[in-house]
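Below you'll find the structure, written out as structure tokens, and then a few comments.
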Amino acid sequence: MADFYKEFLSKNFQKHMYYNRDWYKRNFAITFFMGKVALERLWNKLRPKPRKTSM
């Protein structure tokens, strides 16, 4: 079993490398946008609310 798996990984190394690189790009993009949303929510909580004017 170990010999088969080693041969399989060696034969498909390039495919695995591209898959992992693509996965990391997508994961980074998701994490980036999650951080952006978190910062925007924090900013909205800290920003003073505009006063309502009655007319």
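Work out, step by step, the length gained on full extension between Lys11 and Leu42: first 0.36 nm times the residue separation, then minus their alpha carbon distance; give nm to one decimal.
Going from the current span to full extension adds 6.3 nm.
Would you kindly calculate the translational diffusion coefficient of the stretch 7-55, applying Stokes-Einstein with the Kirkwood radius from alpha carbon pairs, for 20 °C and a viscosity of 1.002 mPa s, and quote it in µm² s⁻¹ without decimals?
146
Report the label-to-label distance for Arg51 and Thr31 in nanometres (one decimal), using points 7 Å from each Cα along the Cα→Cβ vector.
If labels sit at Arg51 and Thr31, their model points lie 4.5 nm apart.
Could you derive backbone 3J(HN,Hα) for the stretch 5-14 from the dihedral phi with the Karplus parameters 6.51, -1.76 and 1.60 (θ = phi - 60°), listing whole Hz in sequence and x where the residue is Gly or Pro?
Calculated HN-Hα couplings, in order: 5, 4, 5, 4, 5, 5, 5, 10, 4, 4 Hz.
Where a number appears in this text, it was derived from the coordinates with a stated rule and is not lab data. All figures in this text were calculated on a predicted structure; none of them were measured in a lab. Counting neighbours? That spans all protein chains shown, and the Cβs are built from the backbone with ideal geometry, glycine included.
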